[in-house]
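The values are calculated or read from the model by the stated rules, or taken from the named source; none is laboratory data. This structure is a prediction, so every number in the text was calculated from the model and none was measured. Reconstructed Cβ throughout: ideal geometry from the backbone, glycine too, with neighbour counts over all protein chains shown. Surface areas here come from the heavy atoms of the whole protein model, side chains and all, with no ligands, DNA or RNA. Shrake-Rupley method; radii C 1.70, N 1.55, O 1.52, S 1.80 Å.
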Amino acid sequence: MPAELVCFEPGCRARYRVTEVIYNCTRCGGLLEADYAEWEPDAGHMKALWRSRRISNAPLDQSGVWRYREMIPFVEDFRSVVTLREGNTPLLPAPKAAEYGGLDRLAFKHQGFNPTGSFKDNGMTCGVAQARRLGMRRVACVSTGNTSASMAAYAGAAGLDPLVFIPHGNISYGKLAQALEYGARTFQVEANFDQILALVRELAERLGIYLLNSINPFRIEGQKTIMVEMLDQREWHAPDWIVLPGGNLGNTSAFGKALRELKRWEFIDHMPRLAVIQAEGAAPFYELFHSRERRRLATVEHPETLATAIKIGDPVSWPKALYEVTESCGTVEKVGEQEIADAKAIIGQCGIGCEPASAATLAGIRKLTAAGTMARDADVVAVLTGNVLKDPDYIYRYHTGQLEAPHGSRIRPTFGNQPVVVPNDAEKIAALLA
Ligand SMILES: *Cc1c(COP(=O)(O)O)cnc(C)c1O
Ligand SMILES: [Zn+2]
């Protein structure tokens, strides 16, 4: 399978060998995308083959990413692959959340069930496979949290040296704890995300470190399999809408690419529409999408949201995401901190739970159905991106009425659930429960 990297800019389309260590087009600076020009998998055959791999004990078949390896054929030698059995995440119907969102039915594709608790694992297994294939010894990323947790784990498993750079004091403890536990050398830099990215790019070039940030086109390839697995679970019936939170917009790019390819190769008969949800304080893509010209994204200088995984003011993958959302006849919505917090509590009450950024999906659905953009009887899948335990501090504060929005206003505990202090006395507790 001849894979190549191709520049995403329509006016450029420069092509590069898949073994070149580049992150952007050297001619125009554009984003790169993996391209499999001659590849035409047979849908019927692939569906049967992928299904049969579910009963295999081979590590690659047990991975919810590499099981679908014909969708991501950029590696030739699978010995460079390290799998922690990523993917394999459930598709969970949630009637209570559906009702809250104004829908007849809703299912969550929960990427929080991944080995390190977020969808970053789907991409990272591919990014690390590429690092090994290129013979790189050290890998690095700048991260709001989940990328560093995931990279640390996969680099550890692959015997690579992981270097994590994070903005000082701007990350949830659960995620930082994971990076430390998985053995990443972790640097907290006194600068914002974009400044640190520039710094790390310089270091990468100087020291021959492989960058595993979200523009890495191989991570995007891995994240495509979230859509493939979801459709496999639905017997290849494409939903009407797929809803996901948007930060750096790598996942939006990956989902769009996957669905386009699956449509082209006749795995599905129609394109689902993508609905990307941003937090109000970090919504540059929302502004772009609803601007008249949709020409250039205006950076948000000081992005603010408690949903730290989508606290991004300058999303690197916006050109791809804009193309994919437009192609799918999709939309972009934004939601406030109170809306995210309440939606998250509802997802918790379904017995499902997720981290704050993931709950933006349900909050967005509620808005989109109220506006009539999304029909009540639409067939909707929302992707929950991260695990409930990623940010327990947020949860405790919400339920006890101590959660504060970025500008100091209190979040109301609409669905709060306070722990109650009681005496060691059965009589009194029974009275309380009556
Ligand atoms: C990374 C992340 C996001 C944002 O995804 P992008 O691809 O950057 O848009 C959302 N939620 C969680 C939990 C994440 O880890
Ligand atoms: Zn280019």
Exercise. May I ask you to give the percent of accessible area on the chain that is carbon plus sulfur, with a probe radius of 1.4 Å?
Key: 50
Quiz item: Mind listing the phi-derived Karplus ³J(HN,Hα) values for the range 41-54, rounded to whole Hz, using 6.51, -1.76 and 1.60 with θ = phi - 60°, and x for any glycine or proline?
Solution: x, 7, 4, x, 5, 5, 4, 5, 4, 4, 5, 5, 5, 5
Exercise. With a cut-off of at most 16 other beta carbons within 10 Å, and DSSP calling the residue loop, which GluC sites (Glu not before Pro) in the range 8-101 qualify? Please list them.
Key: GLU20, GLU38, GLU76
Practice problem: Take the cross-link list LYS120/LYS390; LYS120/LYS224; LYS320/LYS367 and give me the ones stretching past 18 Å between alpha-carbons. | Solution: LYS320/LYS367
Quiz prompt | Max mean-square fluctuation residue, GNM over the chain, Cα-Cα springs under 10 Å, options ALA378, ALA360, ALA48 | solution = ALA48
Practice problem: Please work out the Cα center distance from the range 213-237 to the range 294-335, rounded to the nearest Å. | Solution: 19
Quiz item: For q = 0.08, 0.09, 0.10 Å⁻¹, what log10 I(q)/I(0) does the chain give under the Debye formula with an equal point scatterer on each alpha carbon and no solvent?
Solution: -0.42, -0.53, -0.66
Quiz item: So how do 252-261, 143-152, 175-184 stack up, highest first, on mean other-Cβ count within 10 Å?
Solution: 143-152, 252-261, 175-184
Quiz item: Rolling a 1.4 angstrom probe over the protein heavy atoms, how many square angstrom per residue are accessible across the chain?
Solution: 42
Exercise. Would you mind classifying the range 43-93 by shape? Square roots of the alpha carbon gyration tensor eigenvalues, ordered a ≥ b ≥ c; an a/c under 1.5 is rounded, otherwise it is prolate if a/b is larger than b/c and oblate if not.
Key: oblate
Exercise. Would you mind calculating the relative contact order of the range 1-124 from Cα pairs under 8 angstrom and at least 6 residues apart, reporting the percent as a whole number?
Key: 18
Quiz item: Residue by residue, what Karplus-based ³J(HN,Hα) values in Hz, rounded to whole numbers, does the range 293-308 have, using 6.51, -1.76 and 1.60 with θ = phi - 60° and x for Gly and Pro?
Solution: 8, 6, 9, 10, 7, 8, 5, 8, 4, 10, x, 9, 6, 6, 7, 4
Self-check item: Beta bridge orientation in the chain: antiparallel %, DSSP, nearest 5
Solution: 30
Practice problem: Any chance you could look up the accessible area of LYS428 with a 1.4 Å probe, heavy atoms only, rounded to 10 Å²? | Solution: 120
Exercise. Calculate, in nm to one decimal, what GLU33 and CYS12 gain on full extension: separation in residues at 0.36 nm each, minus their alpha carbon distance.
Key: 6.3 nm
Quiz item: Rounded, prolate or oblate: which fits the range 116-226, taking a ≥ b ≥ c as square roots of the Cα gyration tensor eigenvalues, rounded meaning a/c under 1.5, else prolate when a/b beats b/c?
Solution: rounded
Quiz prompt | Label point distance in nm, VAL422-ARG376, each placed 7 Å from Cα along Cα→Cβ | solution = 4.0
Exercise. For the chain, set up a Gaussian network in which alpha carbons nearer than 10 Å are linked by springs, and say which option among ARG206, ARG264, ARG53 fluctuates the most.
Key: ARG206
Quiz prompt | Mean ellipticity per residue at 222 nm, deg cm²/dmol - from DSSP H runs of n ≥ 4 across the chain, formula -39500 (n - 2.57) | solution = -11500 deg cm²/dmol
Quiz item: Once the piece of chain linking ALA157 and GLU235 is laid out straight, how much longer is it, given 0.36 nm per residue of separation minus the C-alpha distance between them?
Solution: 24.8 nm
Quiz item: What shape does the range 59-178 have by the C-alpha gyration tensor, where a ≥ b ≥ c are the square roots of the eigenvalues, rounded means a/c under 1.5, and otherwise prolate means a/b greater than b/c and oblate the rest?
Solution: oblate
Self-check item: Extension gain, GLU327 back to SER291 (0.36 nm per residue minus Cα-Cα distance, nm)
Solution: 11.3 nm
Quiz item: Each residue of the range 183-199 in order: what ³J(HN,Hα) in whole Hz does its phi give by Karplus 6.51 cos²θ - 1.76 cosθ + 1.60, θ = phi - 60°, with x for Gly and Pro?
Solution: x, 7, 6, 10, 10, 9, 9, 7, 6, 8, 3, 5, 5, 5, 4, 4, 4
